[in-house]
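S.K.: One structure is given below, represented as structure tokens, and several questions about it will come after.
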Amino acid sequence: MPDYELYYWDLPFRGNFIQLLLEEVQADYRKLDASEVYPDSNLSLHYPGMAPPYLYDCRAQLWFAQMPAILMHLAKAYHFLPDEAEQHTLALKVILDCNDVLMEITNHNGMVMWEEGTWQEFRAHRLADWMTIFEKTGQAHSLKPDTGYLLGTRLTVADIATAALFGSLVHSFPELARDLEHHSPTVANLCERMESRPSIGAFLDNQRRELGNAYCGGQIEQSLRDVIR
């Protein structure tokens, strides 16, 4: 039996946050389709979760839902939190920021499809501000284009999450690469460094070969493709 089972669709979106960390630490895990749990069994879990991803910790025999909670669980297990206790809160803040960006870029999880005007407004203001937030976070911890990490001197879950967020975004929508390079140049370089790490790079190569430029799927991804220029 593996140490973990991850339940998610064959899409990068929220799943890659967890898989990049599992790949980096070379955890023994297997990926299963979200339909194994959702929507028929998710409310029957010991700790129910509204929607994927779900992680089953086989050793602890515990289910976890919510991407930020799963990442924090794994970060503690593999010592991927910053060394200083107060920085643990900042690492969580970075992960929660990532989750907020995912919600916003899918227009509140696809409740409304994007239109040209609303997308352009979001791109010029909210998305630009989010990118600036990540850039300033890195600058506050001496992140440089070729060296350093988002929260200090060593790799943490914050770097994995940031790469999963912006790396997936600019791979799926290359038109947004110039936005990231303009508003968050050192973070853009950080993402490239994270994606070039051996285990993460090999995983992403395989995933992108299989899935192409898929992102979040469904109508909301199509509406993004209709408005991103």
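S.K.: Just rank LEU92, LEU150, fewest to most, by other beta-carbon atoms within 10 angstrom. List each step's numbers first, then the result.
M.R.: Numbers: LEU92 18, LEU150 29.
Least to most surrounded, the residues fall as LEU92, LEU150.
S.K.: Here is a follow-up. Enumerate the calculated ³J(HN,Hα) couplings along the range 189-198 in order (Karplus 6.51 cos²θ - 1.76 cosθ + 1.60, θ = phi - 60°), each rounded to whole Hz, writing x wherever the residue is Gly or Pro.
M.R.: In residue order, the calculated couplings are 5, 4, 4, 5, 5, 5, 6, 8, 5, x Hz.
S.K.: Let me ask something else about it. I need THR162, THR156 ordered by Cβ neighbour count within 10 Å, fewest first. Working shown, then result.
M.R.: Numbers: THR162 27, THR156 24.
Starting with the residue having the fewest Cβ neighbours, the order is THR156, THR162.
S.K.: Work from the charge dipole of the chain (Cβ charges, +1 for Lys and Arg, -1 for Asp and Glu, about the Cα centre) and give the residue of MET50, THR118, LEU96 farthest towards its positive end.
M.R.: Checked the options; the winner is LEU96.
S.K.: Can you list residues whose amide H is under 5 Å from TYR54's amide H, if they're 5+ apart or on another chain and H is modeled 1.01 Å from N?
M.R.: Those qualifying (amide H under 5 Å, at least 5 residues apart or on another chain) are TYR7.
S.K.: Now, a different point. Report ³J(HN,Hα) in whole Hz for each residue of the range 131-143, in order, from the Karplus equation J = 6.51 cos²θ - 1.76 cosθ + 1.60 where θ = phi - 60°; Gly and Pro get x.
M.R.: 4, 5, 4, 5, 4, 5, 4, x, 4, 5, 10, 6, 5
S.K.: Which of LEU43, LEU204 has the fewest other C-beta atoms within 10 Å, and how do the rest follow up to the most?
M.R.: Details: LEU43 10, LEU204 24.
Least to most surrounded, the residues fall as LEU43, LEU204.
S.K.: Assign unit charges at the C-beta atoms only (+1 for Lys and Arg, -1 for Asp and Glu), then state the dipole size of the range 4-77 relative to its Cα centre in Debye, rounded to the nearest 20. Kindly include the intermediate steps, with their values, before the conclusion.
M.R.: Numbers: 5 positive and 9 negative charges, 46 e Å.
So the dipole magnitude of the range 4-77 works out to roughly 220 debye.
S.K.: Please list, or write none, the lysines whose alpha carbon is within less than 21 Å of the alpha carbon of LYS136, excluding same-chain residues fewer than 8 places away.
M.R.: LYS93, LYS144
S.K.: Using Cα centres only, tell me the gap between the range 1-16 and the range 64-111 in whole Å.
M.R.: 16 Å
S.K.: Let me ask something else about it. For the range 12-27, what does the Karplus curve 6.51 cos²θ - 1.76 cosθ + 1.60, with θ = phi - 60°, yield as ³J(HN,Hα) per residue in whole Hz, taken in order and with x for Gly and Pro?
M.R.: The phi angles translate into x, 3, 7, x, 5, 4, 7, 5, 4, 5, 4, 5, 4, 8, 6, 5 Hz.
S.K.: Under the rule of -39500 (n - 2.57) per DSSP H run of 4 or more residues, summed and divided by the residues of the chain, what mean residue ellipticity at 222 nm is obtained, to the nearest 500 deg cm²/dmol? Spell out each step's value before the answer.
M.R.: On the way: 12 runs with 119 residues, N = 229.
Theoretical 222 nm ellipticity from helices: -15000 deg cm²/dmol.
Just so you know, all these numbers are worked out from the coordinates, no wet-lab data involved. Quantities reported herein were computed from a predicted structural model and do not represent experimental measurements. A quick note on method: Cβ atoms are made from the backbone with ideal geometry, for glycine too, and the neighbour counts reach across all protein chains shown.
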